[in-house]
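One structure is given below, encoded as structure tokens.
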Amino acid sequence: MKIVNIILRVALGGLLVVFGLNKFLGFMPDFEFGTYLGAKNFFDSLTATGYMWPLVGGLEITVGVLLIIKKAMPAALLALLPISINIVLFHAVLDPPHIGPALAVALLNAYFIYINRTYYKPLIKA
């Protein structure tokens, strides 16, 4: 199981680094939203702000690198949580056909939070 966890952690980290770098370098083609105009409008508004897209990309790269090198992993997983929730909600509401990878990221995030749950006990202690 340890090898599987390493593979999943590095795969998630690598995915985040690639998609984060793409927000800066644009080496992958833009999404094709087809008839889902709400998704295109939302996507365009994030890039038009001038700061949100680089902020998300920078956070994805940071979290991805931390996962790959296994440093500050509990903090990295918490930083990824709002991003993974937003990715799932974006696809669930605005672009349902492409929800698969979003669910994979969210489920992996939830899985790693679960297996590191002892680190979070002080946060929820009453």
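Quick notes on this structure:
- L81/N22 FRET efficiency (R0 22 Å; Cβ-Cβ; nearest 0.05): 0.55
- The Cα center of the stretch 110-126 and the Cα center of the stretch 36-53 differ in position by 33 Å.
- Within the shell defined by Cβ-Cβ distances under 12 Å, the residues around F43 carry a net charge of -2, with Lys and Arg each +1 and Asp and Glu each -1.
- Placing pseudo-labels 7 Å out from each Cα toward the beta carbon at M52 and T118 gives an inter-label distance of 4.0 nm.
- Rg followed by Dmax, in Å, when the stretch 22-126 is reduced to its Cα trace: 15.4, 48
- 24 Å Cα-Cα reach of K40 towards lysines, excluding residues that sit fewer than 8 places from it in its own chain: K23
- Charge dipole (debye, nearest 20) of the chain; +1 at Cβ of Lys and Arg, -1 at Cβ of Asp and Glu: 780 debye
- Percent RCO, i.e. relative contact order, over the stretch 2-124, from Cα pairs under 8 Å lying at least 6 residues apart: 29 percent
- Partner lysines for K121 [C-alpha distance under 28 Å; skip if fewer than 8 residues away on the same chain]: K2, K70, K71
- Using R0 = 35 Å, the C-beta based FRET efficiency linking H98 and I69 works out to 0.75.
- If you take all other residues with their beta carbon under 12 Å from the beta carbon of N116, and give Lys and Arg +1 and Asp and Glu -1, the sum is +4.
Only the coordinates and a few stated rules stand behind these numbers; no lab work does. Since this is a predicted model, take the numbers as computed values, not measurements. Positions of Cβ are backbone-derived with ideal geometry, glycine not excepted, and every protein chain shown enters the neighbour counts.
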